[in-house]
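Visitor: Quick one: this structure, given as structure tokens, is what I'll be asking you about.
The values are calculated or read from the model by the stated rules, or taken from the named source; none is laboratory data. Please read these numbers as outputs of a predicted model, since none were measured by experiment. Here the Cβ is made from the backbone with ideal geometry for all residues, glycine too, and neighbour counts use every protein chain on show.
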Amino acid sequence: MRIISAAMTALALAMTGVTAPALAMDDQATYWRFDGRIEKRLTSVAPATEWATQAWIGDDSTKLRLQNSGVIDDSGRIDNEGGTRGIDNRFFYSRRIADYWDAKAGVQFTVFDQGITRSGVIAGVEGVAPYGIHVDAVLAVSQTAVVSARLEAAYDVLLSQKLIAQPFLEAMLAAQDDPAIQLGSGLARYELGLRLRYEIVKEVAPYIGVSFEQFTGTTANFVAAAGGPTSNLRALVGVKLWF
């Protein structure tokens, strides 16, 4: 009976997306999960499609993670986003270092417009800060010896059992210029936005939103020289899912 009760509890937690307590039941058990979103970025200047996916396998303390994200404009070209995006692939190992916090390290391979590529190593931390703010901070060193730092933060505001507002922030800094991908030193880019999603079921949630993106400093000069806008105000339409 104890085995049946534990199995039913784990199934109920998995169906509600509350994975951490289930993992805590058995440190040696192996779990996996996939999270993803795809959205249309609507603007008269630079409309595009963006996606971000992540899959992991592991136990309560250690995981192997695979991430893929990218931006493609409406003409089918990879959007470099001032050297901060492209089509990005990351493979890394993460380990729990405190309650709700993981340290991680691995490798990164990014494809930019015109077939330009960058590879390198990454390391950082990811977890939940006070007030439930999800934070992902990564330091990277590319094959061209450019050191960069990326910060992503998001916070879920429950408006009802199914309606959730998520303000978010993204920012990237670089220590050196990398003109080939339009990346400049200093604060290269930041983006502020809000996504409002409705969970049809826990695993599927369409959303709408708005975001403001700004390129700064040398990166803004590179973007302008290539004929791109240095700031963008966008409407967002997409869907978030997990299983």
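Visitor: With the requirement that a residue be within 25 Å of Leu194 (Cβ to Cβ), assigned to a strand (DSSP E or B) and of a type in the set (A, V, I, L, M, F, W, C), what does segment 26-51 give you?
Guide: Matches in segment 26-51: Phe34, Ile38, Leu42, Ala48, Trp51.
Visitor: All but one of (1) of a type in the set (Phe, Trp, Tyr); (2) more than 25 Å from Gly209 (Cα to Cα); (3) modelled with pLDDT under 95 hold for Phe91, so report the exception by its number.
Guide: Result: Phe91 passes all but (3).
Visitor: Also: Of all residues in segment 86-135, how many are free of Cβ contacts under 8 Å to residues at least 24 places away in the same chain, closer than 13 Å to Lys63 by Cβ and surrounded by 15 or more Cβ atoms within 10 Å (Cβ to Cβ)?
Guide: Looking only at that region, the number is 1.
Visitor: If I go through segment 59-88 residue by residue, how many of them are of a type in the set (Ser, Thr, Tyr), within 16 Å of the chain's Cα centre (by Cα) and not in a strand (DSSP E or B)?
Guide: 1
Visitor: Might you check whether a residue that is surrounded by 17 or more Cβ atoms within 10 Å (Cβ to Cβ), over 20 Å from Ala145 (Cβ atoms) and at pLDDT 95 or above occurs anywhere in segment 179-187?
Guide: Scanning segment 179-187, I find no residue that is surrounded by 17 or more Cβ atoms within 10 Å (Cβ to Cβ), over 20 Å from Ala145 (Cβ atoms) and at pLDDT 95 or above, so the answer is no.
Visitor: Within segment 68-85, track down each residue that is in contact (Cβ under 8 Å) with a residue 24 or more places away in the chain, of a type outside the set (A, V, I, L, M) and surrounded by fewer than 18 Cβ atoms within 10 Å (Cβ to Cβ).
Guide: Within segment 68-85, Asp73, Asp74, Arg77 meet the criteria.
Visitor: Among the candidates Ala205, Ala188, single out the residue that is in a strand (DSSP E or B) and within 30 Å of Ser61 (Cα to Cα).
Guide: After ruling out the rest, the residue left standing is Ala205.
Visitor: Give the residues of segment 62-76 that are in contact with an Asp or Glu (Cβ under 8 Å, 6 or more places away or on another chain) and modelled with pLDDT of 95 or more, sorted by residue number.
Guide: Across segment 62-76, the qualifying residues are Lys63, Gln67, Asn68, Ser69, Gly70, Val71, Ile72.
Visitor: While we're here: Which of the residues belonging to segment 230-243 are over 23 Å from Tyr198 (Cβ atoms) and surrounded by 16 or more Cβ atoms within 10 Å (Cβ to Cβ)?
Guide: If the condition is that a residue be over 23 Å from Tyr198 (Cβ atoms) and surrounded by 16 or more Cβ atoms within 10 Å (Cβ to Cβ), then Thr230, Asn232 are the ones that fit.
Visitor: Check whether at least one residue in segment 89-105 is within 13 Å of the chain's Cα centre (by Cα) and either assigned to a strand (DSSP E or B) or within 23 Å of Ala154 (Cβ to Cβ) (or both), and report yes or no.
Guide: Among the residues of segment 89-105, at least one is within 13 Å of the chain's Cα centre (by Cα) and either assigned to a strand (DSSP E or B) or within 23 Å of Ala154 (Cβ to Cβ) (or both), which makes the answer yes.
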